[in-house]
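The structure under discussion appears below in the form of structure tokens.
The values are calculated or read from the model by the stated rules, or taken from the named source; none is laboratory data. Because the structure is predicted, anything quoted here is derived from the model rather than measured. Methodologically, a virtual Cβ is constructed for each residue, glycine included, from the backbone with ideal geometry; neighbour enumeration extends over all protein chains shown. Keep in mind that these areas ignore ligands, DNA and RNA; they rest on the heavy atoms of the full protein, side chains included. Shrake-Rupley method; radii C 1.70, N 1.55, O 1.52, S 1.80 Å.
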Amino acid sequence: MNRRHDPPARPGRLFPLLLALALAAPAAQAWSRQGHELVAELAEADLSPAARDAVRDLLSDEPVPTLAAIAAWADDIRAEGGALGEASKHWHYVNIPGSACDYVPARDCPDGDCIIGAIARQRAILADAGQPRRARTDALKFLVHLVGDAHQPMHAGYPHDRGGNDYQIQYRGKGAPEGEGTNLHRVWDYWLLRSANLDTPTYAARLRRLALPEAPTPDPEHPARDWALESCRLIHAEGLYPSDHDIGDDYLDRHRPLAERRIRLAGARLAALLNEVLDPAR
Ligand SMILES: [Zn+2]
């Protein structure tokens with residue numbers, strides 16, 4: 001499009017355009033914006049009154065002080081390329097070689113620079129009332145995002161294809177743009193949820209009605225490690241790699257329930273974490 005002759009965009013016209021572009025192009029390497037919003041909405045509904053007050057207080061400088069509104073912040077700052085986005089770029093995932101999910105911290109999370117280390121550190125900052133308020137607000141925003149990412153199986157995937165980012169896929173379903181290639185990571189981040197065709201409040205209400213999936217209780221000392229290893233084991237156990245690189249709507253329909261169960265579980269675990277940290281007397 002030749003933009004030179006366009007009239008200057010007024011804010012009232014530009015904003016919906018920018019919003020549409022943002023929604024059309026969710027960042028790679030994370031549940032899509034909607035996935036993170038769903039986790040956050042589910043968690044927010046399960047906060048204790050004191051934890052909800054603490055969240056409101058920590059987010060009081062945000063334009064919209066809800067967990068859903070800040071759920072994609074950690075991806076946004078990475079896309080913007082500032083210092084914090086750069087420092088946190090490895091915090092969204094862990095890669096573990098082999099299908100046995102044999103996690104070796106020194107190999108898979110050196111210096112704690114992966115999702116497992118990041119969740120532990122941000123949790124400690126949020127729990128420490130002596131930390132600067134800004135650091136605790138950022139810790140809350142990281143946790144809301146990263147607990148979601150830890151439950152996306154491809155965020156605990158193989159290093160050789162960067163969690164499915166290098167596993168090319170042709171999606172030929174009815175919602176697919178003609179001929180556009182994608183990859184397995186993005187199918188899990190985006191297409192599985194997108195193809196349900198629901199707006200976030202409707203989808204969140206539907207997921208809230210799902211029974212909480214059964215899952216082993218994580219080690220209280222290392223919950224993020226156990227969440228990520230659960231994700232990792234699902235890749236092999238549930239056969240998430242398609243037998244060829246072409247998928248259709250049958251792949252999405254078969255695996256969408258798993259993605260939804262992971263979101264449901266992430267929401268419940270995020271709420272439990274925030275209640276524990278922000279409302280310890282409860
Ligand atoms: Zn992410």
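Worth a mention:
- Condition met for A266 (within 18 Å of the chain's Cα centre (by Cα) and open to solvent by 40 Å² or more (accessible area, probe 1.4 Å)): no
- If you go through region 204-217 and keep only what is without any contact (Cβ under 8 Å) to a residue 12 or more places away in the chain and either open to solvent by less than 60 Å² (accessible area, probe 1.4 Å) or among the aromatic types (F, W, Y) (or both), you end up with just A205.
- Residue pairs whose Cβ atoms lie under 9 Å apart, separated by 6 or more positions or on different chains, with the first residue in region 267-278 and farther than 14 Å from E41 by Cα and the second hydroxyl-bearing (S, T, Y) and open to solvent by less than 10 Å² (accessible area, probe 1.4 Å), are N275/S48; L278/S48.
- Taken over region 188-203, the residue count meeting the criterion of being farther than 17 Å from T66 by Cβ and in contact (Cβ under 8 Å) with a residue 60 or more places away in the chain is 9.
Residue-by-condition table, conditions (1) polar (S, T, N, Q); (2) open to solvent by less than 40 Å² (accessible area, probe 1.4 Å); (3) within 16 Å of the ligand (Cβ to nearest atom); (4) modelled with pLDDT under 95:
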position	(1), (2), (3), (4)
L38	no, yes, yes, no
E41	no, no, no, no
S48	yes, yes, no, no
A51	no, yes, no, no
S60	yes, no, no, no
P63	no, no, no, no
L67	no, yes, yes, no
D76	no, no, yes, no
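- Checking D108 against (1) surrounded by fewer than 16 Cβ atoms within 10 Å (Cβ to Cβ); (2) among the acidic types (D, E); (3) more than 16 Å from the ligand (Cβ to nearest atom), the condition it does not meet: (1)
- Every residue from region 219-249 that is open to solvent by 30 Å² or more (accessible area, probe 1.4 Å) and assigned to a loop (DSSP other than H, G, I, E, B): D219, P220, E221, H222, E238, G239, Y241, S243, D244, H245
- Residue within region 138-154 that is over 15 Å from the mean Cα position of the chain (by Cα) and among the charged types (D, E, K, R) present: yes
- Of the criteria (1) among the acidic types (D, E); (2) under 13 Å from the mean Cα position of the chain (by Cα); (3) closer than 18 Å to I235 by Cβ, which one D75 fails: (3)
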